[in-house]
């Protein structure tokens, strides 16, 4: 009987789950709606049922469950005031979910922390003890690993690089403050940058006829590949802001490498070149030439499930496999 971990990634629209062994081999995946369940008990019941149906025909033994969710508190097993989830306040997610899986460890953290563990167990950070993973999606998430362990902090919410203030009078952020890094560096942030450039500049651009709601980071990338000056400038500004912020993060954790993951990272040189240039330019001399800026080594299609399953293998892997 193959020992496996269940990985669950709770998103605002859908929740994905899958079965993964310690080597990263998959034994099936599935998904259910998140937004369609205003009641947490109904959601957990149907999620547990879907997981049970997925594994019933497999020759596997689940040894634990890892969960990634916005605003997840690792220490308390809760989800706290997640703005994009239908359940408000503090949700005791792990305590409630244990009634379906009472004899197995269940661990929860935010999706960026799970991505960092996935990078360490299955991706480009294998063998590294100190690194940062930055997820560039609708927002900006980050996971810091120091000394081979996630940096969680006193209350479990350490490492929120996306909400470091880069301009106190800058753009309004979804968190309620102004000038957070993710207002500039994210798929949403680069859209805001592009529209500001369209308003302030007069150059011709194929993006001028696209409405804000129709515009995507992918369209900006496609325009940049064609040499569109405003698309190129939007990436240059995004990379500058990210590089400066990462230079500050390096001062705190002294990482061996920084990994970029997510939709915006797929822009390749358009995001990596300006980010790397401004990172290096803003580092203290002691760090220059020593920090690797790398794409994620985790297969993107399975990244969320691999990352959440890694919560189990990282903490309990050797013991669980030997039992």
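No value in this document is a laboratory result; all are computed from the given coordinates. Remember, it's a predicted structure, so these values are computed and weren't measured experimentally. Using ideal geometry, Cβ is built from the backbone for each residue, glycine included, and neighbour counts are taken over all protein chains shown.
The simple spin-label model puts a point 7 Å past each Cα toward its Cβ; for residue 29 and residue 277 those points are separated by 3.5 nm. Considering only beta bridges that DSSP places wholly inside the stretch 1-149, some 65 percent are antiparallel. Considering only beta bridges that DSSP places wholly inside the stretch 127-295, some 55 percent are antiparallel.
Starting from the alpha-carbon convex hull of the chain, give the projected area averaged over all orientations, in nm².
Details: hull surface 68.9 nm².
Over every viewing direction, the Cα hull of the chain projects on average to 17.2 nm².
From most to least packed by mean Cβ count within 10 Å, the peptides 53-62, 267-276, 39-48 give 267-276, 39-48, 53-62.
Percent antiparallel among DSSP beta bridges with both residues in the chain, to the nearest 5? Walk me through the numbers on the way to the answer.
Values: 26 of 47 bridges.
In the chain, DSSP labels about 55 percent of beta bridges as antiparallel.
Ranked by the mean number of other Cβ atoms within 10 Å per residue, highest first, peptides 148-161, 223-236, 103-116 order as 103-116, 223-236, 148-161.
At a Förster distance of 22 Å, what's the computed FRET efficiency of residue 266 paired with residue 14, Cβ-Cβ distance as r, to 0.05?
Working: r = 20 Å, r/R0 = 0.93.
It comes to 0.60.
A simple spin-label model places the labels of residue 213 and residue 81 3.0 nm from each other, with each point 7 Å out along Cα-to-Cβ.
A straight chain from residue 200 to residue 256 at 0.36 nm per residue would run longer than the Cα-Cα distance by 16.2 nm. When shorter helices are ignored and each DSSP H run of at least 4 residues is given -39500 (n - 2.57), the per-residue value for the chain at 222 nm works out to -11500 deg cm²/dmol. Length gained on full extension, residue 287 to residue 129: 55.2 nm, using 0.36 nm per residue less the C-alpha separation. Taking Cα atoms only, the orientation of helix 303-322 departs from the longest principal axis of the chain by about 40 degrees.
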